[in-house]
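K.L.:
Just passing along the structure, written as structure tokens.
The values are calculated or read from the model by the stated rules, or taken from the named source; none is laboratory data. From a predicted model like this one, the values you see are computed outputs, not experimental measurements. Methodologically, a virtual Cβ is constructed for each residue, glycine included, from the backbone with ideal geometry; neighbour enumeration extends over all protein chains shown. Only protein heavy atoms, including side chains, enter the accessible area calculation; ligands, DNA and RNA are left aside. Shrake-Rupley method; radii C 1.70, N 1.55, O 1.52, S 1.80 Å.
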Amino acid sequence: MNRLTIALCLVWLPLAGRRDCGLRIADCGFDGPKLEAANPQSAIRNPQLAALTIGRLHYDGGGDWYTGPSKLPNLLAAIRQRTGLAVTARERVVTLSSPELWDVPYLYMTGHGNVHFSDDELQTLRRYLEQGGFLHADDDYGMDKSFRREIARVFPDHPLVEVPLSHPIYHVVYDFPKGIPKIHEHDGLPAQGFGIFLGDRLVVYYSYQSDLGDGWEDPEVHHDPPELHEAALRMGVNLFTYAVSAIP
């Protein structure tokens, strides 16, 4: 069993045996009233678990995979403060060929330009996702065409579909009854969340026309109003919590 699988199993243990577990932590008996607080505390925690982190994907093709240096530290801080999950202060930069890939349960990729995966990287990414990993692709206005092309090469048998609003990713800690929040306007199109499912498990989440990661950055970077910054962080907390808790 690889390290990623072990980590995911340990995080999943608090959920074991809850066959009536619904779409919200409250349905699982996880301190329901606290979910109404400004910073609800998830009961998904394991003090024996080594610190988790987010892997920022360094991909080829020319896109600026490194954009937004403050976004992931800010998200990790919010996860640590609001869920009790043991997470690091900084993300880890990984490639699809590095051994460190298998140490991160949540893989994040973003940028404004082209994305390209080699044939070997396609196979590795598919294996990573099949074995319990989670990919969040966050279009930072410019990555859409190439990401859709490359993810179709990874999963030619599993197309991107819109994630239903009833899915736990919109309810696991914070409620998003209308789906992913729209942080920046750009083309003025509605924000959408697309995904790839392997059975019942969501393994790829694609935030489109949202600029979610920009909302995680230090407020002075984009001068977003506080309510948008907060909405972006809340959605990020949901995404990470879902990714490491193995909720179907």
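K.L.:
Roughly how much of GLU227 is accessible, in Å² to the nearest 10, using a 1.4 Å probe?
P.N.:
Here the accessible area works out near 120 Å².
K.L.:
Exactly which chymotrypsin sites (Phe, Trp or Tyr not before Pro) in region 56-100 are in a DSSP loop and have at most 13 other Cβ atoms within 10 Å?
P.N.:
Counting only loop positions with at most 13 other Cβ atoms within 10 Å, the chymotrypsin sites (Phe, Trp or Tyr not before Pro) in region 56-100 are TYR66.
K.L.:
Taking all protein chains in place and a 1.4 Å probe, what share, in percent, of the accessible surface of region 132-248 do carbon and sulfur account for?
P.N.:
Solvent-exposed carbon and sulfur of region 132-248 make up 59 percent of the total.
K.L.:
Ok, one more. Enter the accessible area per residue of region 119-248 (Å², integer; probe 1.4 Å; all protein chains in place).
P.N.:
40
K.L.:
What are the trypsin sites (Lys or Arg not before Pro) within region 172-229 that DSSP puts in a loop, where the Cβ has at most 11 other Cβ atoms within 10 Å?
P.N.:
Details: sites: LYS178, LYS182, ARG201; in loops: LYS178, LYS182.
Passing both the DSSP loop test and the Cβ count: LYS178.
K.L.:
Still on this structure, I have one more. I need the shape label for region 97-168. Rule: rounded when a/c is under 1.5, else prolate if a/b > b/c, else oblate, with a, b, c from the alpha carbon gyration tensor.
P.N.:
Cα axes put region 97-168 in the rounded bin.
K.L.:
Another question, then. With a 1.4 Å probe and all protein chains left in place, how much of the accessible area of region 51-108 comes from carbon and sulfur atoms, in whole percent?
P.N.:
Looking at region 51-108 in its full context, I get 52 percent from C and S.
K.L.:
Compute the Cα gyration tensor for region 137-178, then decide on rounded, prolate or oblate, letting a ≥ b ≥ c be the square roots of its eigenvalues: rounded whenever a/c is under 1.5, prolate when a/b is larger than b/c in the other cases, and oblate in all that remain.
P.N.:
oblate
K.L.:
Under the rule a/c < 1.5 gives rounded, and otherwise a/b versus b/c splits prolate from oblate, where does region 132-248 land using the Cα gyration tensor?
P.N.:
Cα axes put region 132-248 in the oblate bin.
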